[in-house]
1. Could you tell me which residue of the stretch 392-446 is surrounded by the fewest Cβ atoms within 10 Å (Cβ to Cβ), considering only residues that are outside any helix (DSSP H, G or I) and either without any contact (Cβ under 8 Å) to a residue 24 or more places away in the chain or among the polar types (S, T, N, Q) (or both)?
2. Determine which member of the set Ile214, Ile249, Ile263 is within 16 Å of the chain's Cα centre (by Cα), crowded, with 22+ Cβ neighbours inside 10 Å, assigned to a helix (DSSP H, G or I) and of a type in the set (A, V, I, L, M).
3. Against the definition (crowded, with 19+ Cβ neighbours inside 10 Å and within 21 Å of the chain's Cα centre (by Cα)), how does Thr67 come out, yes or no?
4. Looking at the structure I just gave you, is Gly219 under 27 Å from Lys49 (Cα atoms) and at pLDDT 95 or above?
5. Across the stretch 41-64, which residue is surrounded by the fewest Cβ atoms within 10 Å (Cβ to Cβ) among those that are closer than 17 Å to Val113 by Cβ and acidic (Asp, Glu)?
6. Cβ-Cβ below 9 Å, separation at least six or inter-chain, first residue in the stretch 58-69 and in contact (Cβ under 8 Å) with a residue 60 or more places away in the chain and under 21 Å from Arg11 (Cβ atoms), second in a helix (DSSP H, G or I) and basic (Lys, Arg): which pairs?
7. Are any residues in the stretch 270-319 charged (D, E, K, R), touching a residue at least 40 places away in the same chain (Cβ under 8 Å) and assigned to a helix (DSSP H, G or I), and if so, which ones?
8. Ala143 - would you say it is touching a residue at least 12 places away in the same chain (Cβ under 8 Å), part of a helix (DSSP H, G or I), surrounded by fewer than 24 Cβ atoms within 10 Å (Cβ to Cβ) and among the small types (Gly, Ala, Ser)?
Amino acid sequence: MGKYFGTDGFRGEANVDLTVEAAYEVGRFLGWYYGQKNPEEPCTVVIGKDTRRSSYMFEYSLVAGLTASGADVYLLHVTTTPSVSYVVRTEGFSCGIMISASHNPYYDNGIKVINEKGEKLEEDVIAEIEAYLDGEKGELPLAKRDKIGRTVDFAAGRNRYIGYLISTATRSFKNKKVALDCANGSAFAIAKNVFDALGAETYVISNSPNGLNINTDCGSTHIEHLQKVVKDVKADVGFAYDGDADRCIAVDENGEVVDGDAILYICGKYMKEQGTLKNNKVVTTIMSNFGLYKAFEREGIEYDKTAVGDKYVYENMAAYGNCLGGEQSGHIIFSKHATTGDGILTSLKVMEVLLEKKESLAKLVSELEIYPQVLKNVRVHDKTAAQDDEAVQAEVKKVAESLGQDGRILLRQSGTEPVVRVMVEASELETCERCVNQVIEVMKQKGHVLS
């Protein structure tokens, strides 16, 4: 991770950690960098944003920086992160930018940069952006006269993405009741249109964004509301998205949560049966559950583990030709169709499994036995100092030894927040809770935890 850019972009509280000045400078650099990279071609950049109030402010700042460096900017307006990726790679843009802080609260925001291949930006380019932000690269030339960039309304790009999503479905959703939680975010303008077009009887909640309610008590991080709707309307399935709709958490017909691990299992097994699981392998992160690996082994499916972040999952997939990967949190990548996690696409692929196998989601997931897991996010003064503290590491080692082969402990820094995550898996929930609390208590004793 860089100084400003974490695992998923430059993120922080709007006008505190992430300022309009910083956004302008990022725009200035990107317009110059991609303009120099292909000097024979005009630099064109596509921008999307989520529904939080500050997204408009950052959009204008980025546009000012980009056009001042000579780039033409195409505005998708409110849309999803995966739609920006899709438009970049299919329409030949120099790069793309998504303004979003994903699942974070409304007062945070972020700048996600997508390269010309529709992939998360390379680390070496991020390093160059950060060097420029720190004043290490000097002044960049300003475009003059007819070289100054312009803005173009490009809502049509979002509509093409909607059409592409609809085209990926293998069957009609007629006679299927589907509940959707759009998190008052980017999915509000897309998800219902897609499911309606495919014939589903669609029930939608959290679909009225006002700039302040994105992710607030809704979406993939507050799944309880979707669970209630699924049971109340007797839906066949429910899907919840996050603020920029690059992740999806499902709910079965009984109102039970089906997380990213379970989605990887049912889709991986289905794709193996169909002969479409390349390399017979699914890419996971170190946060995936023990139970998932045991289920893959039972089904004869191989797996890789990467660092946390769909960026790292995709890097593995691209390097080795794997076609399915994702995270427990709901970032799922189907590389035949996308280069990033795509929540709406994931829900369509889950629907495909349900329809083709003629099974309920609860039945498909019943084959997967998940180990009890406790994950606690600890807000700290300094992530690195808290994680690397000798006393904390000694306690982690003590817990690991006590768990033996029947469990595991993971301690890792958040890539986007001042948080250290403590996760324990074991055969009993009580053991998980006790072990997580042991480590947190040491962090408190050493003065790392914010009061």
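The values are calculated or read from the model by the stated rules, or taken from the named source; none is laboratory data. Just so you know, these numbers come straight off a predicted model, no measurement behind them. All Cβ positions, glycine included, derive from the backbone under ideal geometry; neighbour counts span all protein chains shown.
1. That would be Ser427.
2. Ile263
3. Here the answer is no, as Thr67 does not meet what is asked.
4. Yes.
5. Among those that are closer than 17 Å to Val113 by Cβ and acidic (Asp, Glu), it is Glu59.
6. These pairs meet every condition: Leu66/Arg28.
7. Hits for the stretch 270-319 are Lys278, Lys294, Asp310, Lys311.
8. no
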